[in-house]
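Report on one structure; see the data block that follows.
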Amino acid sequence: MTESSHFENRRSLDLICMGRVAVDFYAEQVHSPLEDAQSFRKYLGGCAGNTAVGTARLGLKSAMFSCVGTDDMGVYLRNTLEKEGVDTSLLRNTPEHLTALVLLGVNPPERFPLIFYRENCADMQIRPKDSDPEIFKKAKALLITGTGLSTPAMRDATRQAVTVAKECGCVIILDIDYRPVLWGLTEAGDGETRFVASENVTREIQPFLADLDLIVGTEEEVQICAGESVTDIDETLESCLSTIRQQSSATVVLKRGADGCEVYSPESANPVSARSFQIEVLNVLGAGDAFMSGFLRGWLRKESLQTCALYGNACGALVVTRHGCSPAAPSFAEIEYFIQHFD
């Protein structure tokens, strides 16, 4: 771990996950366009929600910091989180807002369309006053997400959460979680597009960089975080990391999909990596949240960065073989077995 990521090991709560928690409806007709889907499976989803469940299944004590509607879908999310062992002390009900929904298609190996139904939705209603210092004092870390910076009100709530977390001795983690459609950069129905260059998005993310201890994202997400526009990918990565490093001492984790990840620590000139797992893909949606869960299982237990990367790679690989996001998340015993017996 980096020197900047020391935290109090005796704290009872490993992680507070702040942000998106929604209901995912996954088409059951695999290899079929979303418009032809006839039936769907209902799961808990959303970046922060998936990570809360994923880390809980791996043996960490996680808490969900968000809002749900008092509609039946909100009741479902709260019940699911509690059944998974996630602390819901920071999960507020908001009667005036509907719980967010997502429709998702599964057409491997490359098509995974999704449509977000998130107009003024419940999980974007977190308020600055919701950051309870008494709960934060029990936690090792706060996870924030890029989507939580996409509206002025949520930026204020996230800034307050970061301020309270740092005052309480928590480390701060950013999942860049860049969805252009949620920033109004694509057509409302285009949730599949993963990158649109935007100076505005970069401008809203960068003020948070100085407070971060860990940054996790794909190549495109690291690029939007840094605001670099170089077209050659190797030059882009080098330039992006340099830009981020000028503003932050955080460890940066670059997710590379089937190729695993690279971990850039400020204490080392060379990135750390671990073996990846080449497997047949059913559904890539949720793999990044599973990776984050695995990486944090190591990071919050002060394992080596190589071990953190290995856990993240294994979790991501397992989840892409399965239909949903949070229900596909493995246990720690499962990833240990997978790593030991993969070959």
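Brief remarks follow.
- Test: residue in segment 233-246 that is among the β-branched types (Val, Ile, Thr), open to solvent by 40 Å² or more (accessible area, probe 1.4 Å) and over 18 Å from the mean Cα position of the chain (by Cα): yes
- Filter pass, Arg20 being open to solvent by 40 Å² or more (accessible area, probe 1.4 Å) and of a type in the set (D, E, K, R): no
- Count - residues of segment 125-134 that are open to solvent by less than 30 Å² (accessible area, probe 1.4 Å) and out of contact with any strand residue (DSSP E or B) (no Cβ under 7 Å at 6 or more places or on another chain): 1
- Only one of the listed residues (Ser268, Ser293, Ser249) is part of a loop (DSSP other than H, G, I, E, B) and at pLDDT 95 or above. That residue is Ser249.
- Taking (1) among the hydrophobic types (A, V, I, L, M, F, W, C); (2) open to solvent by 50 Å² or more (accessible area, probe 1.4 Å); (3) without any contact (Cβ under 8 Å) to a residue 60 or more places away in the chain in turn, Leu77 satisfies each apart from (2).
- Check on Phe112, under 19 Å from Lys255 (Cβ atoms) and open to solvent by 60 Å² or more (accessible area, probe 1.4 Å): no
- Against the numbered list (1) touching a Pro at 6+ places or on another chain (Cβ under 9 Å); (2) of a type outside the set (Gly, Ala, Ser); (3) farther than 23 Å from Asp24 by Cβ, Glu192 comes up short only at (3).
- Close Cβ contacts (under 6 Å, 6 or more residues apart or on different chains) running from residues in segment 22-36 that are within 12 Å of Val106 (Cβ to Cβ) to residues that are surrounded by fewer than 13 Cβ atoms within 10 Å (Cβ to Cβ) comprise Glu28/Ser39.
- In the set Val216, Val171, Val201, Val181, only one residue is buried (at least 17 other Cβ atoms within 10 Å of the Cβ) and in contact with a His (Cβ under 9 Å, 6 or more places away or on another chain); that residue is Val171.
- Residue check: Ser66 meets all listed conditions (1) surrounded by fewer than 24 Cβ atoms within 10 Å (Cβ to Cβ); (2) modelled with pLDDT of 95 or more; (3) small (Gly, Ala, Ser) but one, namely (1).
- Criterion violated by Gln306 - all others in (1) part of a loop (DSSP other than H, G, I, E, B); (2) in contact with a strand residue (DSSP E or B) (Cβ under 7 Å, 6 or more places away or on another chain); (3) open to solvent by 50 Å² or more (accessible area, probe 1.4 Å) satisfied: (1)
- Scanning segment 249-298 for residues being buried (at least 16 other Cβ atoms within 10 Å of the Cβ), of a type in the set (D, E, K, R) and touching a Leu at 6+ places or on another chain (Cβ under 9 Å) gives a total of 2.
The values are calculated or read from the model by the stated rules, or taken from the named source; none is laboratory data. Everything numeric in this text was worked out from a predicted model, so none of it was measured. Virtual Cβ from ideal backbone geometry, glycine too; neighbours counted across all protein chains shown. What goes into the accessible areas is simple: the full protein's heavy atoms, side chains included, and nothing from ligands, DNA or RNA. Shrake-Rupley method; radii C 1.70, N 1.55, O 1.52, S 1.80 Å.
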